[in-house]
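**Student:** Can you keep this structure in mind? I'll have questions shortly.
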């Protein structure tokens, strides 16, 4: 049952139930080797950074996937971040199973053997994380694999002046979980750990006071 919530002066919110919807959600490709050493790639959206020290990333997969079994055997995987120009290949990797098809061969993309972990990465994708499994957590339908990031590799062409990956150059793909659509990133908004300092400025506080006054007048008139 849906519920509509309105708190004086704020936008109306409607309950849509307990669902796996949040923004942003990544479009990642997980690279693994199967029991015969064949490279495989699978697209996954349930993932993110989960620890800074040691640097770790997680990805959650259903047990039914071919990649799940590969990671359980090899205890290693790569996270490959495709750019916008590879949206078709990224989607393809999520449609078919490595049990039935050689996805690298069909897509024409290049599996590259990691020198640090027992897993391949996609040579054409601009940003790669090479991971060793640190923890395996059974949640429910999905198993969460927490991998320690052994190395990050990036195309030289996507590095900034500080030799860090530039999100504008990488052009990662965002996944709309509710409507199953892909999007690119938007425009630059501000500097992290800097933009928020304006909240304590006199100018901001005056605007806040003015807004509260308008809301109070509105509520009194209802």
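None of the figures in this text is laboratory data; all of them are computed from the coordinates on show. This one's a predicted model, so the numbers in the text were calculated from it and none came from an experiment. Note: ideal-geometry Cβ built from the backbone for every residue, glycine included; neighbour counts use all protein chains shown.
**Student:** Tell me the angle of helix 202-221 to the major Cα principal axis of the chain, expressed in degrees between 0 and 90 and rounded to the nearest ten.
**Tutor:** Between helix and principal axis, roughly 70 degrees.
**Student:** Multiply the residue separation of residue 62 and residue 50 by 0.36 nm, subtract the distance between their alpha-carbon atoms, and state the gained length in nm to one decimal. Mind dumping the intermediate values first?
**Tutor:** On the way: separation 12, 0.36 × 12 = 4.32 nm, distance 1.91 nm.
Working it through step by step, the gained length comes to 2.4 nm.
**Student:** Same structure, new question: Pick from 165, 54, 120: which residue has the top mean-square fluctuation in a GNM of the chain where Cα pairs under 10 Å get a spring?
**Tutor:** Fluctuation is largest for 54.
**Student:** Between residue 105 and residue 157, what FRET efficiency follows from the Cβ-Cβ distance if R0 is 22 Å, with the result rounded to 0.05? Display every interim value, and only then the final one.
**Tutor:** Numbers: r = 26 Å, r/R0 = 1.18.
Using R0 = 22 Å, I get an efficiency of 0.25.
**Student:** When the chain is treated as a GNM, springs tying every alpha-carbon pair under 10 Å, which of 90, 195, 161 comes out with the largest mean-square fluctuation?
**Tutor:** Residue with maximal mean-square fluctuation among 90, 195, 161: 195.
**Student:** Here is a follow-up. Compute for the chain: radius of gyration divided by Kirkwood radius, i.e. Rg/Rh, restricted to C-alpha atoms, rounded to two decimals.
**Tutor:** For the chain, the value is 1.09.
**Student:** What order do you get for 28, 46 when you list them from fewest to most C-beta neighbours inside 10 Å?
**Tutor:** Values: 28 29, 46 18.
Least crowded to most crowded, the residues run 46, 28.
**Student:** With runs of 4+ DSSP H residues as the only contributors, calculate the mean residue ellipticity of the chain at 222 nm using -39,500 (n - 2.57) per run, divided by the residue total and rounded to the nearest 500. Each step should come with its number before you reach the end.
**Tutor:** Working: 5 runs with 47 residues, N = 222.
Result for the chain, helices only: -6000 deg cm²/dmol.
**Student:** Among 94, 31, 196, whose mean-square fluctuation peaks in a Gaussian network model of the chain (Cα, cutoff 10 Å)?
**Tutor:** 196
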